Structure formats: structure tokens, C-alpha cells
Amino acid sequence: MANTKKIAVNKNDEPTLIAEKLIDTEEEVVIFSIPRFSRFGEALSNFKLIKREAEVLDKTIYIESVDEEVLAFAEKAGIPAANPFLEERRRRFSDIVPVKQQKESPEYEGDVEDPTDMEEEGPLAPTEEVPAEVVVPVTVRRRH
């Protein structure tokens, strides 16, 4: 998401204060994190208010909350909403980006299907068995 801001709503924040925070932010996408039993989450009209302000400002808003009533009001108002803890691994609200898996190097691709079929010759051929375990002695000294 480009230009995203997450706004934490306090339990006692008035709906007008939340609308002002939306107006004051310069980001195009705003995620409101609304706690359980918040004053803002008590009425559908509060959600309609910020939805209307977002449309006027041409901003996209999302709601995240663990309160089922908040999520229900947001959905009724037409605002995408989710419980961040119960979300099915969708990363819509995540700041963490997964690392792409590296492809195998091209030197191992091609005609070689089974490495055990290769003849052991040259300096890379093992001359003796490698032990399964290696024990390394370690001395630990305490500082006085």
C-alpha cells in the first residue's frame, strides 16, 4: 500500500476527533485500529461519519479491531474491516514483507539427475569417510 498510516484510536476518543485525525493525515490509505469497548465503536453513525469524510478526501480507510461489534458496524457502513488476530494469513495490514525463496543455482540444473551416478575422480572425490559427529573440546573459564 502506498502512503499508508495506521491510527490507534483510544477508548475515549470522540467520533469528531477521529474524523479530524483522518482530515489531518496526508496519507492516502488510513487504517484505524479500534480497541474493544471504545466510545467510537458504540454507534453505526460514527462509522458512516468517517466513511463520508474519507470519500470527500478521496482516501481509502480500513478498520482493524478485536471487537466483533466494531467489525459489524464497519461492514454495515461499507468499510473493509478485519480482526488482526483471526485474519487468515492475509497480509493486508502487515508491515512485514516475506523474503522470496532463492532459486537453485543454474550449475545444478541440466543433465545431472542423480548425483550418485557421477564418477568420483579429481580433487573433489572423497578419500576417506567423513564422521557423522565431530566432538570439539571447549574450555570455559570464569572471570573473577
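Each reported figure results from applying straightforward, stated rules to the coordinates on display, with no laboratory input. All of these numbers come straight from a predicted model, not from anything done at the bench. Heads up, the Cβs are rebuilt from the backbone with ideal geometry, glycines too, and the neighbour counts pull from every protein chain shown.
A few remarks follow.
- Given their separation in residues at 0.36 nm each and the Cα-Cα distance between them, residue 75 and residue 28 gain 14.9 nm when the chain is fully extended.
- Compactness of segment 4-82, expressed as Rg and Dmax over alpha-carbon positions, Å: 10.9, 29
- Residues residue 4 and residue 85, FRET efficiency given R0 of 35 Å [Cβ-Cβ distance, rounded to 0.05]: 0.95
- The gain in end-to-end length when the residue 140 to residue 14 segment is fully stretched comes to 39.3 nm, 0.36 nm per residue minus the alpha carbon separation.
- Overall, segment 4-82 carries a charge dipole of about 140 debye about its Cα centre when +1 sits on the Cβ of Lys and Arg and -1 on the Cβ of Asp and Glu, all other atoms neutral.
- Placing pseudo-labels 7 Å out from each Cα toward the beta carbon at residue 48 and residue 36 gives an inter-label distance of 2.8 nm.
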